[in-house]
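Below you'll find the structure, written out as structure tokens, and then a few comments.
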Amino acid sequence: MGEKTNLISSPTGDKEDIYTCFQEELLSYLTKAYEKSGNEDIFDSIKGIFSRSFVKRIFMPMIYGKTPMSTCDDIRNDLKQFIKGSACMKLTNLCYEFWKCKYSHMNGFINLIKIIGWMNSMCDRPVYYRTPTDSMDHSKMMDSYHIWVYDRQLRKKRRVSLRIPSERRDRRKSHVSTFVNFIHQKDAFLAMRVVEYLMSIGGPIYTVHDNFISNAYCSSFLPQIYLSVLKGMGPPLKVVNTFLLENLCSGLTQEDLKTGGLNIDIRYNTQFVLPEKDLDKILKVKKIKLS
């Protein structure tokens with residue numbers, strides 16, 4: 001199985017690189033924005049800098065919670081010969097506006113998953129990705145503790161600082177990392193199932209980073225095994241709804257939901273987009289239950 005790529009399917013069925021698409025769409029968006037503000041000369045001087053790798057460095061870290069201020073610092077370092085000061089912040093804001101405007105649904109989806117992490121942390125609970133085996137938790141670190149050790153070679157004492165996790169959950173880290181871990185967990189699940197299948201039939205397999213290595217015979221049907229495992233996870237909507245319901249409805253019974261005016265099966269009702277009003281009702285029922 002080859003290395004992971006950033007390919008998406010175009011309307012014609014051809015494979016396209018997602019960051020190349022971002023590059024083309026972002027350049028078009030920025031060109032119109034700078035023309036509208038009468039600063040097209042500024043953008044003409046930096047347009048050639050917007051390579052695929054430059055665009056990837058802007059958008060890929062967003063899912064890890066990278067802030068506009070941090071992105072602005074990176075852009076300032078790359079474009080310091082062309083623009084300075086507030087012009088860098090303006091360019092950064094336009095990049096974030098492009099993402100929220102062009103990919104508003106994806107931006108909303110990412111924020112929805114992140115909020116689950118924040119909410120569970122507020123409720124003093126971990127985030128469950130695949131109950132009951134996979135969960136994520138972030139604890140705040142306690143103040144540093146210092147101990148002294150003796151270095152026999154240098155014949156002197158050295159101070160070592162230790163930081164121990166506390167029992168308090170870190171809401172900020174839970175909020176930022178939940179979506180990233182959501183994606184990584186699915187990716188890891190697929191990889192483990194492919195490995196398990198090959199081991200069950202005695203097929204040789206070796207991993208290097210994010211690659212599977214096998215013999216010529218097995219490598220020919222590795223993609224089919226991967227696709228079979230992927231299809232076995234069910235429709236993407238089911239995966240998302242299961243995650244939402246398992247975390248939102250944790251601690252609630254079917255009777256609790258019916259009392260709150262909800263006709264949702266916690267375990268099986270995953271075949272439609274959950275309306276915003278139903279999500280709001282679940283939170284209200286959960287609030288009453290916790291109080």
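The values are calculated or read from the model by the stated rules, or taken from the named source; none is laboratory data. Since this is a predicted model, take the numbers as computed values, not measurements. Here the Cβ is made from the backbone with ideal geometry for all residues, glycine too, and neighbour counts use every protein chain on show. Each accessible area value is taken on the protein alone, full model and side chains, heavy atoms only, with ligands, DNA and RNA left out. Shrake-Rupley method; radii C 1.70, N 1.55, O 1.52, S 1.80 Å.
List of remarks:
- Candidates Ser37, Ser53, Ser45 - the one that is among the polar types (S, T, N, Q) and over 16 Å from Ala87 (Cβ atoms): Ser53
- Any hit, region 193-204, residues being part of a helix (DSSP H, G or I), more than 15 Å from the chain's Cα centre (by Cα) and closer than 28 Å to Ser139 by Cβ: no
- Once region 39-74 is narrowed to residues that are of a type in the set (D, E, K, R) and within 17 Å of the chain's Cα centre (by Cα), the residue that is farthest from Asp17 (Cα to Cα) is Lys66.
- Among (1) within 19 Å of Phe109 (Cβ to Cβ); (2) loosely packed, with under 12 Cβ neighbours inside 10 Å; (3) touching a helix residue (DSSP H, G or I) at 6+ places or on another chain (Cβ under 9 Å); (4) not β-branched (Val, Ile, Thr) - the single one Met233 does not satisfy: (2)
- Yes/no for Phe182 being within 21 Å of Leu112 (Cα to Cα) and aromatic (Phe, Trp, Tyr): yes
- Checklist (1) open to solvent by 30 Å² or more (accessible area, probe 1.4 Å); (2) in contact with a strand residue (DSSP E or B) (Cβ under 6 Å, 6 or more places away or on another chain); (3) modelled with pLDDT under 85; (4) not acidic (Asp, Glu) applied to Ser10, failing item: (1)
- Tally of residues being touching a Pro at 6+ places or on another chain (Cβ under 8 Å) and either in a helix (DSSP H, G or I) or under 14 Å from Phe59 (Cβ atoms) (or both) across region 93-142: 3
- Unmet requirement for Tyr64, which otherwise passes all of (1) surrounded by fewer than 16 Cβ atoms within 10 Å (Cβ to Cβ); (2) free of Cβ contacts under 8 Å to residues at least 24 places away in the same chain; (3) among the aromatic types (Phe, Trp, Tyr): (2)
- Once region 75-111 is narrowed to residues that are charged (D, E, K, R) and modelled with pLDDT of 90 or more, the residue that is farthest from Asp17 (Cα to Cα) is Lys90.
- Pair list, Cβ < 6 Å and 6+ apart or interchain, from region 188-212 residues that are farther than 13 Å from Leu222 by Cβ and touching a residue at least 60 places away in the same chain (Cβ under 8 Å) to residues that are open to solvent by 90 Å² or more (accessible area, probe 1.4 Å) and not polar (S, T, N, Q): Asp210/Lys4
- Members of region 236-275 that are part of a loop (DSSP other than H, G, I, E, B), in contact (Cβ under 8 Å) with a residue 24 or more places away in the chain and either touching a Gly at 6+ places or on another chain (Cβ under 6 Å) or not aliphatic (A, V, I, L, M) (or both): Cys249, Ser250, Gly251, Gly260, Asn269, Thr270, Gln271, Phe272
- Total residues in region 151-172 satisfying the condition of being surrounded by 10 or more Cβ atoms within 10 Å (Cβ to Cβ), of a type in the set (D, E, K, R) and within 27 Å of Gly117 (Cβ to Cβ): the figure is 6.
- Residue within region 129-137 that is open to solvent by 60 Å² or more (accessible area, probe 1.4 Å), on the phi < 0 side of the Ramachandran plot and over 20 Å from the mean Cα position of the chain (by Cα) present: yes
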